[in-house]
Amino acid sequence: MYEPNEVLQTLTGRGHVSAAGCESVRVRYRIVIERRQGSLVAYGTLVGSAVGLRPIWLEPDSVLRLKNGRRIEISVTDLVGDVAEFESTGLLTGF
């Protein structure tokens, strides 16, 4: 049995975030992966160029590519300077 909102792991590293019609942006990420009501969700922060992150923030769907090659479908929910907050939008597998 699992606890509600059980944090399974925290990942940090360097990767890329991209969205349709936007150039890819190099970022440092911190991702928290947790189980909520039986499903895996991810949320966290991205640190990168504010100029590069702004167009991605304006798009509803984007992809974060991790240093190990895995991809997470995300939505950037907030952007303040060079720091963006995000949450996953798709199914997480392999975590």
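The values are calculated or read from the model by the stated rules, or taken from the named source; none is laboratory data. From a predicted model like this one, the values you see are computed outputs, not experimental measurements. Methodologically, a virtual Cβ is constructed for each residue, glycine included, from the backbone with ideal geometry; neighbour enumeration extends over all protein chains shown. Please note that ligands, DNA and RNA were not included when accessible areas were found on the heavy atoms of the full protein model with its side chains. Shrake-Rupley method; radii C 1.70, N 1.55, O 1.52, S 1.80 Å.
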Total charge of the residues flanking Ser49 in space, meaning their Cβ is under 15 Å from its Cβ, with Lys and Arg +1 and Asp and Glu -1, is +2
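If I stretch the segment between Gln37 and Glu73 completely, what's the gain in nm (0.36 nm per residue apart, minus their alpha carbon distance), one decimal?
Working: separation 36, 0.36 × 36 = 12.96 nm, distance 1.94 nm.
Taking Gln37 through Glu73 to full extension adds about 11.0 nm, to one decimal.
Helix-only mean residue ellipticity at 222 nm, the chain, DSSP H runs n ≥ 4 weighted -39,500 (n - 2.57), per residue, nearest 500. What is it?
Details: 1 runs with 9 residues, N = 95.
Mean residue ellipticity, 222 nm, calculated: -2500 deg cm²/dmol.
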Quote the accessible area belonging to Asp82 in square angstrom, nearest 10, computed with a 1.4 Å probe and with ligands, DNA and RNA left uncounted.
-> 80 Å²
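If you average 1/r over all unlike Cα pairs in the chain and invert the result, what Kirkwood radius do you get in angstrom?
Details: mean 1/r = 0.0751 Å⁻¹.
Hydrodynamic radius (Kirkwood, Cα pairs) of the chain is 13.3 Å.
Work out the length of the dipole vector of region 3-72 about its Cα centre, built from +1 on the beta-carbon of each Lys and Arg and -1 on the beta-carbon of each Asp and Glu, and round it to the nearest 20 debye.
Details: 11 positive and 6 negative charges, 68 e Å.
Magnitude of the dipole: close to 320 debye.
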Put +1 on the Cβ of each Lys and Arg and -1 on the Cβ of each Asp and Glu in the chain; which of Thr93, Tyr43, Gly15 then has its Cα farthest toward the positive end of the dipole?
-> Gly15
On the accessible surface of the chain, probed at 1.4 Å with all protein chains in place, carbon and sulfur together account for a percent value of 47 percent
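With every protein chain left in place, what is the accessible area per residue of the chain in square angstrom, probe 1.4 Å? Don't jump to the answer; show the numbers that get you there.
Details: 5920 Å² over 95 residues.
Counting only protein heavy atoms, the per-residue value for the chain is 62 Å².
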